[in-house]
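Read through the structure below, which is laid out as structure tokens, and then see the notes.
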Amino acid sequence: MKAEDNSKKKTIVEWTKAIVIAGVLVLLIRHFIFSPYIVDGESMEPTLHNRERVFVNMTVKYIGEFDRGDIIVLNGDDVHYVKRIIGLPGDTVEVKSDQLYINGKKVAEPYLAAYKKIANQNGEHLTDDFGPVKVPDDKYFVMGDNRQKSMDSRNGLGLFTKKQIAGTSKFVFFPFNEMRKTN
């Protein structure tokens with residue numbers, strides 16, 4: 001009887017250890033490597049849609065650099081924002097006649113083609129002219145892909161520090177029939 005009790009106790013201890021280790025690993029992975037986020041709103045359409053869920057790579061924050069064009073999740077006061085990095089620290093950002101210029105050079109934005117076409121057919125601009133804006137050395141300039149419906153560095157959110165960036169979006173994982181890479 002005692003051997004059976006010891007065997008049960010040993011089994012319970014082993015299962016408890018396994019569950020605790022698994023829990024710690026999940027927490028470490030979720031807070032330092034990958035984390036899921038929900039896209040809220042239409043500011044990143046057509047690239048990302050409202051209520052889609054994305055996995056965010058958080059390691060770039062610790063061991064890497066952010067690149068122009070990265071889709072990122074920003075930590076706001078009470079909310080997270082999903083935006084695209086347009087201007088890096090030290091860049092000068094400007095838009096004239098729907099054309100983005102970084103440091104005086106035209107920048108191609110193929111992810112905007114469909115929305116630019118619609119705006120042009122309606123006699124509108126996708127992005128109002130602005131700038132030039134000089135991005136300070138410790139900040140990032142961000143915009144949503146749906147420029148007509150995005151609150152971003154141009155119009156209210158301001159510039160962001162590296163500390164405020166949770167990480168880069170790598171892929172949509174939900175809804176399952178819409179799984180895809182985001183960059």
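General remarks:
- Looking only at the range 135-176, and only at residues there that are in contact with a helix residue (DSSP H, G or I) (Cβ under 8 Å, 6 or more places away or on another chain), closer than 14 Å to His80 by Cα and not β-branched (Val, Ile, Thr), the one that is surrounded by the fewest Cβ atoms within 10 Å (Cβ to Cβ): Ala166
- Qualifying residue in the range 101-116 (condition: of a type in the set (Asp, Glu) and touching a residue at least 24 places away in the same chain (Cβ under 8 Å)): no
- Leading residue by the ranking (nearest to the chain's Cα centre (by Cα)) among those in the range 55-110 that are surrounded by fewer than 17 Cβ atoms within 10 Å (Cβ to Cβ) and among the aliphatic types (A, V, I, L, M): Val79
- Flag if Ile63 is among the β-branched types (Val, Ile, Thr), farther than 15 Å from Thr182 by Cα and in a loop (DSSP other than H, G, I, E, B): yes
- Put simply, of Val142, Val133 the only residue that is over 18 Å from Ile38 (Cα atoms), part of a strand (DSSP E or B) and within 19 Å of the chain's Cα centre (by Cα) is Val142.
- Residue check, Pro132 out of contact with any strand residue (DSSP E or B) (no Cβ under 9 Å at 6 or more places or on another chain) and at pLDDT 90 or above: no
- Qualifying residue in the range 141-148 (condition: within 22 Å of Val56 (Cα to Cα) and among the charged types (D, E, K, R)): yes
The values are calculated or read from the model by the stated rules, or taken from the named source; none is laboratory data. If you're wondering where the values come from, they're calculated on a predicted model, not measured in any experiment. For neighbour counting, all protein chains shown are included, and Cβ atoms are generated from backbone atoms with ideal geometry for every residue, glycine included.
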